[in-house]
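Taking it in order: structure first as structure tokens, then the write-up.
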Amino acid sequence: MFMMFTKKMAILISMILGIVLFSNQSFANSNVMLPQIDTTDIFVLNESTVVLLDRVSNKVDLVDVKTNNSINLSSDSNPILDLGVIKNPEKFILLKKISPTKITKSVFSFKGNLLSKTEIPMKDTGDKLKWVAPTGKVNERIMVQTKNVFNLYEYPWKKPTVTYNAQVVDKGYESVSVMDWDFEKYPNLAIKYVGQGIGIDDYFLKTINLYTKKESFFKDFNTDFQFKFLGNKLSIFNSYTYQSVLASANRPKPTDSQVFYRIINVSTNNKIKSLQSFFNEDKDKESGWVTVFNNSQLFVGDLAKQTWSLYSSTGESILKNQKWAMGSKFISYNSNLKVAYFLEYKDGKTIISSYPASVK
């Protein structure tokens, strides 16, 4: 009798454990973060190869745009911190966090082969960090931002060679916070701030020469924006979807021509180029515009018309009014083949589609 009872209990316990394990597995699967178009950064290595980095899903893939063959380069769960590309010699660098005071630096060839992997001790990995490629006699560096403080490190990584406090006090807002930044090489740093008040989010930019400590502010933005250094020039681009806002909010209006791209010479702080256009509002569907800056090419998509145009990094027109497969993200345009490549995700699967360009 005791043996029968024990056997029944063993079966019951096994069933309960099976249910628990199945439930936990189902819960885990339901919480797997899939890469998304809006959170994927695209790094164009050459005409046929790109790196896709999605920090939300903590995923890095090397993809052939012509064959859709891909190699996953982020097999562990360590958070991705940054990715940098060097064209000569051809390699890219992936930084990942393995502890609050230690990161790994993995160097890959453009074919996805791991060339080296080293650990770098850091005093702090901060809120965001960026790897800076070596130039001339200057070794590689890492810029670390923690709230308002920026620290620039180089080997042996023990203490910063440059420190900058980016705090801004403006009594016109309840708070002013660092929202994003870019740093390509010393001494130029660019920081985006958001000034917040009751029903107000204003965005503005500050450029800093870390050597001379000269600062310049640019506050003529009516929406959020992105930016990227190209040498001593800063490319600034924005996207916006028309929506209802408070009367006090400074936001784009469909009746106005919108500046969607501008270039600033950070040596002189002069605006040397700007592009603008009208983007109509359609009350029955999503309206506004989307910009993507990849491979020194600026994609501008009109949401209402479902068309896109392309410009060079200097603002010269390349293509006009191309049909846009909505839900896809621009990767690059091959002028030799006259083909544009776009990224899509379907159930987490990466799909890169090619579209012949209509060139007149």
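The values are calculated or read from the model by the stated rules, or taken from the named source; none is laboratory data. These numbers were taken from a predicted model, which means no experiment stands behind them. For neighbour counting, all protein chains shown are included, and Cβ atoms are generated from backbone atoms with ideal geometry for every residue, glycine included.
If I ask for residues that are out of contact with any helix residue (DSSP H, G or I) (no Cβ under 9 Å at 6 or more places or on another chain) and either in a loop (DSSP other than H, G, I, E, B) or surrounded by 16 or more Cβ atoms within 10 Å (Cβ to Cβ) (or both), which ones from segment 55-65 would you list? Even if it seems obvious, please write down each step before you answer.
Of segment 55-65, the ones out of contact with any helix residue (DSSP H, G or I) (no Cβ under 9 Å at 6 or more places or on another chain) are 58-65.
Selection gives N58, K59, V60, D61, L62, V63, V65.
Can you tell me how many residues in segment 271-308 are among the aromatic types (F, W, Y) and over 18 Å from P252 (Cβ atoms)?
The initial filter retains those residues of segment 271-308 that are among the aromatic types (F, W, Y), namely 278-279, 289, 293, 299, 308.
Next, only the ones that are over 18 Å from P252 (Cβ atoms) stay: 293, 299, 308.
Residues that pass the stated criteria total 3.
If we scan segment 215-232, do we find a residue that is of a type outside the set (S, T, N, Q) and on the phi > 0 side of the Ramachandran plot?
The initial filter retains those residues of segment 215-232 that are of a type outside the set (S, T, N, Q), namely 215, 217-221, 224-225, 227-231.
Adding the requirement that they be on the phi > 0 side of the Ramachandran plot leaves 231.
Checked against the condition, which is being of a type outside the set (S, T, N, Q) and on the phi > 0 side of the Ramachandran plot, segment 215-232 yields at least one hit.
Please enumerate the residues belonging to segment 110-159 that are of a type in the set (A, V, I, L, M, F, W, C), in contact (Cβ under 8 Å) with a residue 24 or more places away in the chain, over 19 Å from K185 (Cα atoms) and assigned to a strand (DSSP E or B).
Once the filter is applied, which keeps residues that are of a type in the set (A, V, I, L, M, F, W, C), in contact (Cβ under 8 Å) with a residue 24 or more places away in the chain, over 19 Å from K185 (Cα atoms) and assigned to a strand (DSSP E or B), segment 110-159 yields L115, I120.
As an exercise: evaluate M326 against (1) assigned to a loop (DSSP other than H, G, I, E, B); (2) at pLDDT 95 or above and give the number of the one condition it does not meet.
Status for M326: all satisfied but (2).
Which residue is surrounded by the most Cβ atoms within 10 Å (Cβ to Cβ), if the candidates are limited to segment 160-185 and must be assigned to a loop (DSSP other than H, G, I, E, B) and among the small types (G, A, S)? Before you say what the answer is, go through the steps one by one.
First, pick out the residues of segment 160-185 that are assigned to a loop (DSSP other than H, G, I, E, B): 160-161, 166-174, 184-185.
Retained after the next criterion (residues that are among the small types (G, A, S)): 166, 172.
Numbers: A166: 17, G172: 9.
Here the residue is A166.
Quick one: count up the residues across segment 246-255 that are charged (D, E, K, R) and in contact (Cβ under 8 Å) with a residue 12 or more places away in the chain. Lay out the reasoning, then the answer.
Kept after step one, since they are charged (D, E, K, R), are these residues of segment 246-255: 251, 253.
Still in the list and also in contact (Cβ under 8 Å) with a residue 12 or more places away in the chain: 251.
The number of residues fulfilling the criteria is 1.
Cβ contacts < 8 Å: first residue among the hydroxyl-bearing types (S, T, Y), restricted to segment 180-205; second residue not in a strand (DSSP E or B), any location; separation 6+ or different chain. Result?
Short answer, once both residue conditions are applied: Y186/L210; Y186/Y211; Y193/V168; Y203/F221; Y203/T223; Y203/D224; Y203/F225.
Please name all residue pairs, on different chains or six or more residues apart, with Cβ atoms under 7 Å, provided the first residue is in segment 217-229 and is without any contact (Cβ under 8 Å) to a residue 40 or more places away in the chain and the second residue is charged (D, E, K, R) and surrounded by fewer than 17 Cβ atoms within 10 Å (Cβ to Cβ).
Pairs found: N222/R251; T223/R251.
Considering each of N68, N46 in turn, give the residue that is among the polar types (S, T, N, Q) and either at positive phi or in a strand (DSSP E or B) (or both).
Just one listed residue meets the conditions, N68.
Return yes when G231 is among the small types (G, A, S) and out of contact with any Phe, Trp or Tyr (no Cβ under 9 Å at 6 or more places or on another chain) and no when it is not.
Values: among the small types (G, A, S): yes; out of contact with any Phe, Trp or Tyr (no Cβ under 9 Å at 6 or more places or on another chain): yes.
Yes: the conditions hold for G231.
Sort through E344, E286 and tell me the only one that's in a loop (DSSP other than H, G, I, E, B) and of a type outside the set (S, T, Y).
Working: E344 fails: in a loop (DSSP other than H, G, I, E, B).
Matching residue, one of E344, E286: E286.
Please verify whether T212 is over 19 Å from the mean Cα position of the chain (by Cα), at pLDDT 95 or above, over 27 Å from D82 (Cα atoms) and exposed (fewer than 13 other Cβ atoms within 10 Å of the Cβ), treating the condition exactly as stated.
yes
For K271, all conditions in the list (1) surrounded by fewer than 14 Cβ atoms within 10 Å (Cβ to Cβ); (2) assigned to a strand (DSSP E or B) hold save one; what is the number of the exception?
Result: K271 fails condition (1) only.
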